[in-house]
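Heads up, the thing below is written out as structure tokens.
The values are calculated or read from the model by the stated rules, or taken from the named source; none is laboratory data. Treat the numbers as computed from the prediction; the structure is a model and nothing was measured. Methodologically, a virtual Cβ is constructed for each residue, glycine included, from the backbone with ideal geometry; neighbour enumeration extends over all protein chains shown. Please note that ligands, DNA and RNA were not included when accessible areas were found on the heavy atoms of the full protein model with its side chains. Shrake-Rupley method; radii C 1.70, N 1.55, O 1.52, S 1.80 Å.
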Amino acid sequence: QVQLVESGGGLVQAGGSLRLSCAASGRTFSSYAMGWFRQAPGKERDFVAAINRNGGVRYYADSVKGRITISRDNSKNTVSLQMNSLKPEDTAVYYCAAVNAMVAVTTEGEYAYWGQGTQVTVSS
């Protein structure tokens, strides 16, 4: 089992940047594929980015390609989301998720573990 804690959210102006981090407990972090999802008010939770166990494969939602980068540090049990050129439509609660899988996973239902979320608000 793994526990996930997100941090780094906040209020930023459009065009600005934020870096979200997710710290995972346990000694088997490198066994998990990781992902980031987000949920805007009144909307369903959507896929943002995913990374496989060793960080060599990454997938992104079309809406964030070129602006957001997912990375992981297996030595520190962390996964990060660097967000640049932020837009008001990026405003949401961002969730970190983990699944015991070799490949990067983009489907929400396949993730077994979730963090509590961190709020990102982008003002226009």
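For the chain, give the magnitude of the charge dipole about the Cα centre (Cβ charges: +1 Lys/Arg, -1 Asp/Glu; no others), in debye to the nearest 20. List each step's numbers first, then the result.
Values: 12 positive and 9 negative charges, 66 e Å.
Using Cβ point charges on Lys, Arg, Asp and Glu, the chain gives about 320 debye.
With the contact rule set at Cα under 8 Å and sequence spacing of 6 or more, what percent relative contact order holds for the range 22-124? Before the final figure, lay out the partial values.
On the way: 220 pairs, mean separation 33.8, N = 103.
Value for the range 22-124: 33 percent.
Please compute the per residue accessible area over the chain with all protein chains in place, 1.4 Å probe, rounded to a whole number of Å². Let's see the in-between values first.
Values: 6230 Å² over 124 residues.
Per-residue value: 50 Å².
May I have the extent of the alpha carbons of the chain along their three principal axes, as whole Å values ordered from largest to smallest?
On the principal axes, the chain reaches 41, 26, 24 Å in Cα extent.
What's the local net charge at PHE29, with K and R +1, D and E -1, over the other residues with C-beta under 11 Å away? Don't skip to the answer; put the middle values down first.
Working: positive: ARG27, ARG53, ARG72, LYS76; negative: ASP73.
Residues close to PHE29 contribute a combined charge of +3.
Roughly how big is the range 1-58's charge dipole about its Cα centre, with Cβ charges of +1 (Lys, Arg) and -1 (Asp, Glu), in debye to the nearest 20? Mind dumping the intermediate values first?
Details: 7 positive and 3 negative charges, 28 e Å.
Charge dipole, the range 1-58, about its Cα centre: 140 debye, nearest 20.
With θ set to phi - 60° and the Karplus curve 6.51 cos²θ - 1.76 cosθ + 1.60, what are the ³J(HN,Hα) couplings of the range 115-124 in order, to the nearest whole Hz, using x for Gly and Pro?
With the stated coefficients, the range 115-124 comes to x, 8, x, 9, 7, 10, 10, 10, 8, 8 Hz.
Restricting to the chain, what percent of DSSP beta bridges are antiparallel, rounded to 5?
Approximately 90 percent, going by the DSSP bridge assignments.
Exposed loop trypsin sites (Lys or Arg not before Pro) only (DSSP loop, at most 14 other Cβ atoms within 10 Å): please give the longest stretch of the chain free of them, not including the sites. Spell out each step's value before the answer.
Working: sites that count: ARG27, LYS43, LYS65, LYS76.
Of all site-free stretches, the longest is 77-124.
Quick one: Cα centre-to-centre distance for the range 66-106 and the range 20-63, in angstrom?
Taking the Cα centre of the range 20-63 as reference, the centre of the range 66-106 is 4 Å away.
To the nearest 0.05, what FRET efficiency results for VAL103 and SER7 with a Förster distance of 30 Å applied to their C-beta separation?
FRET efficiency, VAL103 to SER7: 0.70.
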